[in-house]
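The values are calculated or read from the model by the stated rules, or taken from the named source; none is laboratory data. Source: prediction; values computed, not measured. Glycine gets a Cβ as well: all are built from the backbone with ideal geometry, and neighbour counts include every protein chain shown. Ligands, DNA and RNA are stripped out before the accessible areas are found, and what is left, the full protein with its side chains, is counted by its heavy atoms. Shrake-Rupley method; radii C 1.70, N 1.55, O 1.52, S 1.80 Å.
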Amino acid sequence: MLYLALIPVFILGLYIYLRDSNREPLFSVIKAFFGGWLVVVLVSIVHYVFPTYVFDSVPLLRAFVSAALVEELCKFIVLYWIVWKSQDFDEPFDGIVYAAFVSLGFAFVEDLMYIMESSDPFGTGLARAFTAVPAHFFFGVIMGFHFGLARFVPLAYRVMRLSLAVILPVLFHGLYDFMLMQAEWLNQNGAGQVAALFIVGFYIFDFILWRVAVKRIKKMKNLSIPE
């Protein structure tokens with residue numbers, strides 16, 4: 001179960017780490033990864049303190065509020081706390097690296113929890129290796145793109161970039177979860193054919209999300225000048 005959760009995280013982490021021309025110290029990257037574990041704690045506290053369960057019966061609210069808003073905001077808080085004033089955060093691309101590792105840390109713990117609770121651990125781990133784990137990585141890339149720019153733009157534009165670092169991942173994450181949750185709700189209410197359309201839309205959106213993330217990585221590399 002540990003390997004099922006760790007392998008996709010390791011592959012995606014290695015991919016983004018090697019894409020960085022001026023690679024970050026391993027200690028800083030590992031700290032960001034374990035920061036993702038802290039996100040799990042924060043999310044649990046938020047769900048405990050605030051009655052987010054009232055949204056769970058409505059797929060749209062469950063996706064955008066209970067899941068996307070809470071998780072991405074907690075990721076941003078941890079990312080800002082760990083990275084913003086770090087001396088290693090010295091070029092825009094670093095924002096993507098650190099945000100991706102915070103997201104992967106969160107995805108690892110979440111993935112392990114789902115696998116351990118599943119009646120089919122291998123099937124669950126395999127499915128999430130190609131869906132949920134990459135999705136969190138892509139949300140992290142999108143967050144890190146704007147977070148990295150925010151660190152190096154004039155102060156007048158900083159608030160805008162930091163806001164986008166939260167808003168855009170919430171929107172992408174919300175849409176991602178909504179398609180799955182709506183399909184599940186439709187299946188439970190005897191509308192399997194309509195649910196199938198949402199599943200098709202989910203995979204199309206997954207491809208779009210991947211393309212957006214790759215373009216952000218390429219664009220940011222052009223902004224980060226090797227030493």
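Quick notes
- Taking other residues whose beta carbon is less than 15 angstrom from the beta carbon of PHE152, and scoring Lys, Arg as +1 and Asp, Glu as -1, yields +2.
- Semi-axes of the equivalent ellipsoid for region 70-133, computed as √(5λ) from the eigenvalues of its C-alpha gyration tensor and ordered from largest down, come to 29, 12, 8 Å.
- With all protein chains kept in place, the per residue accessible area of the chain amounts to 52 square angstrom at a probe of 1.4 angstrom.
- Within-12-Å neighbourhood charge of LEU4 [Cβ basis; K, R +1; D, E -1]: -1
- Region 141-227, accessible surface, carbon-and-sulfur percent (1.4 angstrom probe): 67
- Based on Cα contacts under 8 Å between residues 6+ apart, region 76-227 shows a relative contact order of 27 percent.
- Dipole of region 66-107, positive end: most advanced residue of TRP84, GLY95, LEU73 [Cβ charges, Cα centre]: LEU73
- Residues in region 60-80 that a label on LEU171 would reach, taking backbone N under 17 Å of a point 7 Å out along Cα→Cβ: 64-65, 68-70, 72-73
- Span-like helix ranges in the chain, DSSP H, alpha carbon extent 15 angstrom or more, Kyte mean at least -0.5: 2-19, 26-49, 70-83, 93-117, 132-152, 155-188, 192-223
- Projecting label points 7 angstrom from Cα along Cα→Cβ for LEU197 and TYR15 puts them 3.1 nm apart.
- Kirkwood hydrodynamic radius over Cα pairs of the chain, then Stokes diffusion coefficient at 25 °C and 0.890 mPa s, in µm²/s: 137
- Using the rule -39500 (n - 2.57) for each DSSP H run of four or more residues, divided by the residues of the chain, the 222 nm mean residue ellipticity is -27000 deg cm²/dmol.
- Legend: P(r) of region 1-113 from all alpha carbon pair distances, 10 Å bins from 0, whole percents, reading 14, 41, 31, 12, 2.
- Taking Lys and Arg as +1 and Asp and Glu as -1, the other residues whose beta-carbon sits under 13 Å from that of VAL109 total -2.
- Estimated FRET transfer efficiency (PHE27, VAL214; beta-carbon r; R0 25 Å; 0.05): 0.35
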